[in-house]
Structures are given as structure tokens and as C-alpha cells.
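S.K.: Let me begin by handing over the structure; questions about it come next.
The values are calculated or read from the model by the stated rules, or taken from the named source; none is laboratory data. If you're wondering where the values come from, they're calculated on a predicted model, not measured in any experiment. Cβ sites come from the backbone with ideal geometry, for glycine too, and all protein chains shown count toward neighbours.
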Amino acid sequence: MSESHSHAHSVPRELPERVDIYDTTLRDGSQQEGLSLTVDDKLRVAEQLDHLGVQFIEGGWPGANPKDEEFFRRAAAGELHLHHATLVAFGSTRKAGGKAETDPVLANLLEARTPAVCLVAKSAAWHVTETLRTTLTEAVDMVADSVAYLRAEGRRVFLDAEHFFDGYRDNPAFSLDVLRAAESAGAEVLVLCDTNGGSLPFEVERVVGEVRDATGIGLGCHFHNDSGCAVANSLIAVRQGVTQVQGCVNGYGERTGNADLSAAVPDLTLKMGVETIGRERLGRLTGVAHHIAELVNVSPDPHQPFVGTSAFAHKAGLHTSAIVRSRQAYEHVDPDEVGNGTRFVVSEMAGRSTIALKAEELGLDLDGAAMGEVVEQLKDLEHRGYHFEVADGSLELLMRRATGWKQELFRLESHRVVTDLREDGTWITEATIKVHVGDERVLAVAEGNGPVNALDAALRKAIGPMYPVLSQIHLTDFKVRVLDSAKGTGSVTRVLIDSTDGERTWTTIGVSENVIEASWAALEESIVYGLLNHSAS
């Protein structure tokens, strides 16, 4: 077997013209800690993946739990309409010592009625003898029998060779025997899995090159991200001939996740010239990534490559002035190609060019005096604890005020918050607010589970009849940070409030030694921003 470790085989061959993208969010991705999908969630995620244009969607393991059973049943009944992708059911080979024809897992795979099936098989000798407690010969027969049976039943079959890279390192002959057995039995793709996620790109390059030369059908790859190399490993695998890349949009998965298809897809398409989901669909990537994040109830990572809100954000004045002259100065691709956009983040580091770009982005006409006023206000306010690069809503209002704009939606006269401890030991907070809406003075009282909740309820009660659209604006997050804890209860407090109207999201900020005052400032600006932008649209 000395030849199998020859580095001569690691030379890349000509890149494939296209690779298939295989998303496993509904199975492997849902194993992420804290991520739980209902059947309805799974159906909606699958629709989004189909809209994106992935070739294969792994729906789950039929028979493993009632949720996956229901998903495949409803999908087969017509509740899932896929226009582009092929639905795949996932399961294991027959049991050791059993027969494929009577194996319950294989029966469940057939009952799922998917066009394609992905079979997982142990391809590391140690796992066969220690985990399955069977012989290497029987493990190879399990693969051959299972693949042949499913092929005879009319299914396309992919083989997920579990622990392949670790197994190949220790016993390459057995790992290749598993692949050859699947190939001989009619498998369509041999998927090399880095199940523990510990392989590095130079190792992947050598192993995939050797496997490519030792097999005769399509290869796939499935990398976990435990060493931070899942996307890089996927790209190097494609350079060595892999034509199916498995992973998850947003990189979901157990431990540190799977290869992030949100990065792998544009890397392959834009950087390597390999067709994936189709260039015409690439612009859907950011929207789909964020939509799926909402469906699985996991906050998107703003720093995620390509699709994160900060992926094309520019803060330093040097960067933004260069961007004005050439977009390529600090952007490795055109953000529009992946459905994202350039953002100019304003902070105390901002120069006039940054402010000018932000004003242009917002459609504001700032003359020289207004520009200087904004720059000075930013520096002063951020010195006092404001942080405008994370408070886009408050920044826009500040810049509007510099043009002479005044908030006339409502005017606060006063507010009061009282918290009472009841006899039964529970606390209740009551807010009283007096505002002027047009020529009308309105007094409203509301209860809440805390001062901000009570103030929010009272304000909505007061101005809601005048602005019915307020019912579409919701606060989604409330963050409080003590800026100088050395001063104890007299410390300055920063409050950030995230809000949404269902289409856009924004953040507003308030800073004060009084947490109620800081909260009100952020709350008021959140409501004003929402009403202002809704009326503008």
C-alpha cells in the first residue's frame, strides 16, 4: 500500500465545471446545540433551500423519530413543492449479521419515498471493530448489500463514508474497500466524511487525490468545522475532483458545525469559476441565509463571510475614502452578487468622507456646516458612552436632525414609572405617560413586567390610535450595559433596543446614569424611527 501514500497523486486535476450542493440543515444541522425545528419549520427551510437552488436537500432520518416520520409523510403527500432540489432520506446500512430485505432502517428509507437515499457506513476499521463489534469483511458486505438492495428498489444512492479521513490515515486499504463495495453495488456518489472535523487542507488534498485515482465514480465531501477548516477543506476537495459538496447554510451542526455553504458556494462560483447553484441565483444567498436563521430561531452572525451584516461594512475613514474612489479597494467581491450590500459604519473614528457616504446612503443632503456638526456630535456623544456603529436607527435620526429635521410625530410632556410589591410577593410595574399628538394632549396608563415594557405599552396606548401602523413595530431585544462599574449604582448605563416591522430591523441607543432615562431615549427613538421609515416607504 506504499503507493497509496504517494504525494504524486495530490496534484490537482482540471477543476470540474460544476458541483452539486447538498444541504443537510434538516438532519446534521439540526443537531446543533439549542437548535430545534418543528415539522412546519423543516418544510419552510426546505422551501428556502429549493428557492436558493441547492441540488439536494437531506430531510432527516426516517424512522429515527416521529418528527422526521411526519416530515417525510407530509412531503410525500404534496405539502413540500420542490422545483429544483431533490429530497434525500438519510439512514444507515443494514445491521451486522442481518439481511437488507428485512432491515427496518432500509425499510423506513424506502417508505420515505424520496428519489435519493444517503447511506452512512463506517469506513474506519477501528469503528467497525470497537463500535459495531463486527468484522471488517462483514462491514464491507453491509455496504454492498444495502446499496444493491436500494438500487434494485429504484433509488439513487449516495454513500456517506463516516470517519473516512481518520480511517484512511490508519488503514487505507479497508477504507478504500468500503468505497469500492459501494461503487460496485451501484452507488452514484462516494462522500468522504471528516466526521470529527480534525483534518487540515494539506491532508485533504493528498487523501482526496489518492481516492480519486483509486475509484471510478463521483466523489463528495462532508466536512465538520472543529479545526476551523471546513470551508477550506471543501474547496481543496473540489480542486481534487469532488463534485458534490455537503454542508449547511449558515454552517449549522453539532459541536462547531458543518461547512458553511453560505461561504463555500460563493467561493466556488466567484473565486474558482465552478458552477454551483447558478449565477442567477447567487443574489438570493444573503436573503435565504437570513430567512433560514429566522426559521431556526438562531441569530445571524453579523461577521459571517459574504452574508453577514458586517461582511461589507466599513468603519475607518481611510477605508471609506478609498471605497469612494474604488469599490475594490476594501471589498473582495461585489456584495450585490451575493445579495448583500456595502455599509458605512459611523463612529468617532469617522471622517467627513464616511459621513458623506452614510448621508448619501440615507438620501440626506448634508452641507458643509451640517457635516461638521455631525462629526463633532458623534465624537462628543461617543465619548459619553454612545456607540453609533451598532445603533443605525439613532444614527439616522441624529443625521436628520443636523439637516434641520425635527421629530413632530409626538411630543413627550412627562412620564412616571412606579413599581409595587404585592401582598402575594409578585411585582407589578405601572407607567403613566403624557404626550401631545398634534393638537391633542393624551394621558395613558399601562402595566408591564418591567419599566421598559410598561413605558412601551403606555406609549403605544397613547399614540396607537393616531398611528395604527405601530402595531407592526415590535421590540425584539433589549440590552443593558454598565459602562463604568467602578462607580457602582451611579455608573453610566447604555441601553440598546432592537426593533423590527417585519421587513427591516434597526437598533436605537440611550445613555444615562439613570437606567429609566436611557431606556426611554432608546425606546422613543425606536418608535420614531419605525414610524418615520414606514411613512417614507
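S.K.: Take residue 270 and decide whether it is farther than 23 Å from residue 42 by Cα and either touching an Asp or Glu at 6+ places or on another chain (Cβ under 7 Å) or not in a loop (DSSP other than H, G, I, E, B) (or both).
M.R.: Considered against the rule, which asks whether it is farther than 23 Å from residue 42 by Cα and either touching an Asp or Glu at 6+ places or on another chain (Cβ under 7 Å) or not in a loop (DSSP other than H, G, I, E, B) (or both), residue 270 comes out as yes.
S.K.: Now for a different question. With the condition kept exactly as written, say whether any residue in region 443-453 is of a type in the set (D, E, K, R), modelled with pLDDT of 90 or more, out of contact with any helix residue (DSSP H, G or I) (no Cβ under 7 Å at 6 or more places or on another chain) and over 30 Å from residue 383 (Cα atoms).
M.R.: no
S.K.: What are the residues in region 387-438 that are in a loop (DSSP other than H, G, I, E, B), of a type in the set (Gly, Ala, Ser) and modelled with pLDDT of 85 or more, if any?
M.R.: 404, 438
S.K.: Tell me yes or no: at least one residue of region 468-487 is at pLDDT below 90, buried (at least 19 other Cβ atoms within 10 Å of the Cβ) and not assigned by TED's automatic domain parsing to the domain that holds residue 417.
M.R.: no
S.K.: Considering only region 45-66, state which residues are part of a helix (DSSP H, G or I) and over 25 Å from residue 260 (Cα atoms).
M.R.: 66
S.K.: Take residue 42 and decide whether it is crowded, with 24+ Cβ neighbours inside 10 Å and outside any loop (DSSP other than H, G, I, E, B).
M.R.: For residue 42, the condition - crowded, with 24+ Cβ neighbours inside 10 Å and outside any loop (DSSP other than H, G, I, E, B) - is met.
S.K.: Quick test for you: out of 522, 454, 458, 462, pick the one residue that is buried (at least 21 other Cβ atoms within 10 Å of the Cβ) and touching an Asp or Glu at 6+ places or on another chain (Cβ under 8 Å).
M.R.: Testing whether each residue is buried (at least 21 other Cβ atoms within 10 Å of the Cβ) and touching an Asp or Glu at 6+ places or on another chain (Cβ under 8 Å) leaves just 454.
S.K.: Something else about it: Looking at residue 108 and the list (1) crowded, with 24+ Cβ neighbours inside 10 Å; (2) modelled with pLDDT of 95 or more; (3) in a helix (DSSP H, G or I), which single condition is not satisfied?
M.R.: Here residue 108 meets the rest and fails (1).
Table: residues versus (1) more than 20 Å from residue 498 (Cβ to Cβ); (2) surrounded by 12 or more Cβ atoms within 10 Å (Cβ to Cβ).
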position	(1), (2)
386	no, yes
390	no, yes
393	no, yes
401	yes, yes
417	yes, yes
426	yes, no
430	yes, yes
436	yes, yes
446	yes, yes
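S.K.: Output the residues belonging to region 176-226 that are without any contact (Cβ under 8 Å) to a residue 60 or more places away in the chain, closer than 13 Å to residue 237 by Cβ and of a type in the set (Asp, Glu).
M.R.: 194, 203
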